[in-house]
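See below for the structure under consideration.
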Amino acid sequence: MKHTITTAIFAATASLATLPALAEDITVGLLLPYSGVYAALGNDIEAGFRLGIERYGDQAGDSIQIVTEDSEAKPPVGLAKTRKLVLQDKVDVIAGVVSSGVLGAVRDMVDGSKVPLIVANAGNDEATGAQCSPYITRMSFSNQQVNRPMGKWMHDQGIQKVFTIAPDYAAGQQMIGAFVDGFTAAGGEIVGQEWTPFQKTQDFGPYLAKAKASGADAVYVFYAGGEAISFVKQYDSFGMKADIPLYGAGFLTSSLYVEAEGPAAEGVIAALHYVPTIDNAENAAFVEAFTAANGRLPSEYAVHGYDAARALTQALAAGATDRETIAQALRGVSFDGPRGATSIDPATNNIVQPIYVYETVRGEAGLTQKVLATLPAEADPAGGCAMAPAG
Amino acid sequence: MSQDLGFWAVQTLNALQLSMLLFLLSIGLTVIFGLMHFVNLAHGSLYAFGAYVAASVASVAGFWAGFIAAPIAVAVLGLVLYVTLIKRMRRSGPMPQVLITFGLIFALLDLTRIIWGDLALGIEVPAILSGRVSVLGVEYPAYRLFIIALGAAIYAGLASVLARTQIGAMIRAGVDNDAMASCLGINVERLFFLVFCMGCALAGLAGAVAAPLLSVTPDMGLQILIPTLIVIVIGGLGSLKGAIAGSLIYGFVQTFGAALAPQLSSILIYALLAAVLVTRPTGLFPAKG
Amino acid sequence: MFRHTPLRYATLAVLAAGMFAAAMTAEYFGLEILTEIAILAILVLALDMVAGFGGMVSLCHGALMGVGAYAYAVLAAKAGLAPPVAMAAAIAISGACSWVIGAICARSHGIYFIMATLAFGQMAYSYAFDSAALGGDDGVSGIPRLDLSAIGIDLNDGQSFALFCLLALAAAYGAAVIILRSGLGRSLTGIMHNEQRMRAVGLVTWRVKADVFGLSGMIAGLAGVLAAQHIMFVSPGLLAWTVSGEALVVVILGGLGTLVGPLVGAVLFVLLKHEISNVTPYWHLVVGVILVAVVMSRANGVFGWIEARVARWQAPRVISSRKEQVKNA
């Protein structure tokens, strides 16, 4: 896929005359899955990104062109497309990357060729830990960031014993691992853990029976996409929600597909960095603009794209003109966005943002998210990341 | 972890439920193979198509409307495929037919994406089946019991049709030796057509049954294809007995594997398949000795 | 048995010239595509050897390629072996795995053979996915390419690497021809046509099948080694059954049992995929329809169709030349 759509936005208003008068041509490569299991996520991120450029592009003072490439969520394809964006299209900056596998595959390439990459989804901890790079800035989340504070919060609610279930792959292990660390540090006990074969599990029944027999106060899970829908429905069908409430990383009941889960999702409590019902002016404006453009509410994926675009325009507005200066400027990005106070931690280049605990409840127009608590923003530990300080 | 009798009862029911879902899928595939000697790789895609039809109809007219519409819609699709593609390829051997169905996997995958989009769909279990039933002292979802009962009923129905009716005798004759059956005055072509459409309808029914349990996604057909193939190959191609035996083996190995040896559960079933094929190269209950 | 006809020579010459010209003139992404074609071509050569000349339609060749790729990745990137040693070892490992699979599956035929190979392929996939030593879902990164700086070639350059892969393709093609023309290859084709008779004349048929399957696995392993070096990263997706399925599609699209046809198929498949995915994200639909159309045409793939056309056109002359041969004899 290679729609080269030109979004030419020039510094028009005289009030911005303090900016450098010369408009640069900045080319952004959007590397997203448009086919395969993550196609819906790719489309949501692109919609958010385009909305962000539309809204904040005129602050950048440059003409911004977007080139899109389909990563198919396959690491080899993602890497080949990244090489094409860097070497042939000569883009100034890349944004996107949904799957952690793709991020792991392209990491050395973007680091070696010194092309800034704004990560708009993939959450593997290493990308801003041991594998961090001054050229990789993450505007989405990290697996540990979303889950760690939830451990303490749940223990504070009086939950003592938890059973965890997650798919058996890197992201599942990191999400659950961070939750377990937070929960046990607060004094809780993990009474059992199950790992299901990733994307090969049709029936969660065997695992649910084990969770039920474990005597836990609550079950904490991480699932996303199709697996999340199956899991939530099957959990409800066994009637377990009443006895053992279901908690999880917020992708479990993402606004993108919560309607497919239906009543089964009601009462599930989860932690996430964004839900469409966050109460602030920035979010109200974002939700309104996104809904007007796309006819549906924005999800956390859309906000990744939107904030990635905003971070880029802020870097450009600060005077960045090429790959090197954009990468440096991205490390100092900070703004009040739909997710609240959002900034980049220059020590790891990971985003720092509040985490929202929300419950899925029935509203007037279907299922909606009721924010129960806002957990304060916390920078991830460096986790082996050693980078030169931003210059 | 305390694992009492109730725990094992639930796991047994889970295994039966998975087995019956796979049985609905594999019976159509295996009888089509028995008669026509080719494996319809697009069977999983037909199942996905059935799930989408069920989800769309159910959102307007309720679960049972979708439950009835899905097999009919998939049978019609099967009819179209048979008339336009399969029938013309009848004489060109099994490999080209397998490849046509491989092409259909690709085409149907993208067609469902174009028609229904990339977002997952879901439908609700009908009110009458949404509760739980007490079995051996444990609560078990009524909908899952419904799947077990439906699978058992369809098995019983097919078994009696095959064993006692004239059409059943014709199908058995066709599986045994289609040339001879044709000489005896059986319209084998019409039999093929009938069986193919029936197999498709059952795939559609499986899709409708699975839709409230799982999520309806474009790749659900690809996900179910390999388990279904494993079932019919372990059981032996072409026989009803093979399909039910293979389904039960798969369901129990998968469920109890997940309960007892979760680390091995993803490899276990493949190892079993390899072991069966090494010791009995045509499966456990092949249609022809 | 495999024979070169003038048409096959001509096709090979056109392919070689076209690929070489492409390597010399293509821009960056063109070279990537060319490399992709060369690697896929090596894999489908390996598959055509067993499927087209031995009736062993394998659905585990993608996994065998993955075994080669992973073996090279682990040996070169993790164990720190020198790339040439790691390459040789990786090819030997995938050959050995392949021989074992071939030996175990030798008794199965038709759909059962397909399913048995699928089972082994899926076992390898599941193992790579679950194994922490192999990096699990994240795969292995930081894989070095072969260092040919001693003779003044830098394989990290896209053009040099594309030429290197084309050279490997030529070598693989040569190896496949030699194997198929040897006593072993002839025995295999004999088994495909009548296994009982070959057994009756005293051939240990399972050994023949296993041996050729093992050699084919080595060629698939070579494709895997090159794929690992090309992308400098391996992940479990490389072993998924859909890779094997696509390879089978390429063999059939090109022309089963013609060895040259699958090469044509590889070129067409990769070019089609890239051209169509430039226009629409629904490229699967277009490829699926083309596949159905090719099979419906009842030709043996694109190359088989051309061969049949040429044969009909040449038919009178062929007969007369045969008469001459008879006279001369």
Compute the orientation-averaged projected area for the stretch A:144-272 from the convex hull of its Cα atoms and round it to one decimal in nm². 6.7 nm²
With +1 on each Lys and Arg Cβ and -1 on each Asp and Glu Cβ, and nothing else charged, work out how big the dipole of the stretch C:133-267 is about its Cα centre, in Debye to the nearest 20. 840 debye
GNM result for chain A, Cα springs below 10 Å: residue of A:Q173, A:Q145, A:Q353 fluctuating most strongly: A:Q173
Over the stretch B:2-279, what per residue volume does the convex hull of the Cα atoms give, in whole Å³? 146 Å³
Hey, got the average number of other protein chain Cβ atoms within 10 angstrom for residues in B:267-280? 5
With a cut-off of 8 Å between alpha carbons and a minimum separation of six or more residues, what is the relative contact order of the stretch A:144-272 in percent? 26 percent
Multiply the residue gap between A:E189 and A:A388 by 0.36 nm, knock off their C-alpha separation, and tell me the result in nm, one decimal place. 67.7 nm
For chain C, what is the convex hull volume of its Cα atoms per residue in Å³? 161 Å³
In the stretch C:1-84, the GluC sites (Glu not before Pro) that fall in loop regions by DSSP, at most 12 other Cβ within 10 Å: C:E27
For chain B, modelled as a Gaussian network with Cα springs under 10 Å, which listed residue fluctuates most, B:R91, B:R172, B:R132? B:R91
Name the long-range amide H neighbours of A:E378: under 5 Å, sequence gap of 5 or more, or other chain; modelled H, no Pro or chain starts. A:Q353
Please compute the average number of Cβ atoms from other chains found within 10 Å of each residue's Cβ in peptide A:188-195. 1
Chain C, Gaussian network, Cα under 10 Å: of C:T35, C:T189, C:T11, the residue fluctuating most is C:T11
Interchain or long-range residues, amide H under 5 Å from A:G337's placed H: A:T342
In whole Hz, what ³J(HN,Hα) sequence does the stretch C:223-240 give by Karplus (6.51, -1.76, 1.60; θ = phi - 60°), x for Gly and Pro? 4, x, 4, 5, 4, 4, 6, 5, 8, 6, 6, 10, 9, x, x, 4, 9, 5
Just to be sure I understand: if I project the alpha-carbon convex hull of the stretch B:107-153 onto a plane and average over all orientations, what area do I get in nm²? 5.4 nm²
Return the average number of partner chain Cβ atoms within 10 angstrom of each residue Cβ along peptide B:9-17. 3
How big is the stretch A:57-132 along each principal axis, measuring the range of its Cα positions in Å and listing the largest first? 35, 24, 22
Over 32 Å between alpha carbons, listed pairs A:K81/C:K209; A:K81/A:K370; A:K212/C:K78; A:K74/C:K78; B:K87/C:K209; B:K241/C:K273: A:K81/C:K209; A:K81/A:K370; A:K212/C:K78; B:K87/C:K209; B:K241/C:K273
Using the Karplus curve 6.51 cos²θ - 1.76 cosθ + 1.60 with θ = phi - 60°, work out ³J(HN,Hα) for each residue of the stretch A:186-196 in order, rounded to whole Hz, and write x for Gly and Pro. 7, x, x, 10, 9, 9, x, 9, 10, 10, 9
Once amide H atoms are built 1.01 Å from N in the peptide plane, which residues 5 or more positions from A:E24, or in another chain, come under 5 Å H to H? A:S63
The answer for the per residue Cα convex hull volume of chain A, in Å³, is 126 Å³
Based on the mean of other beta carbon atoms within 10 Å per residue, what is the order of A:207-220, A:183-196, most packed first? A:207-220, A:183-196
per DSSP, antiparallel bridges as share of beta bridges in the protein assembly as shown, % nearest 5, sits at 50 percent
Show me, for the stretch A:199-209, the HN-Hα J-couplings you get by feeding each phi into the Karplus relation (A = 6.51, B = -1.76, C = 1.60, θ = phi - 60°), rounded to Hz, glycine and proline as x. 6, 10, 9, 8, 10, 8, x, x, 6, 5, 4
Using alpha-carbon pairs under 8 Å, 6+ residues apart, how would you state the relative contact order of the stretch B:2-279 in percent? 38 percent
Cα-based Rg/(2.2 N^0.38 Å) for the protein assembly as shown, rounded to two decimals, is 0.96
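Laboratory data are not the source of any read-out in this text; all were calculated from the coordinates shown. For clarity, every value in this text was computed on a predicted model and none was experimentally measured. FYI the Cβ positions are ideal-geometry reconstructions off the backbone, even for glycines, and counts take in every protein chain you see.
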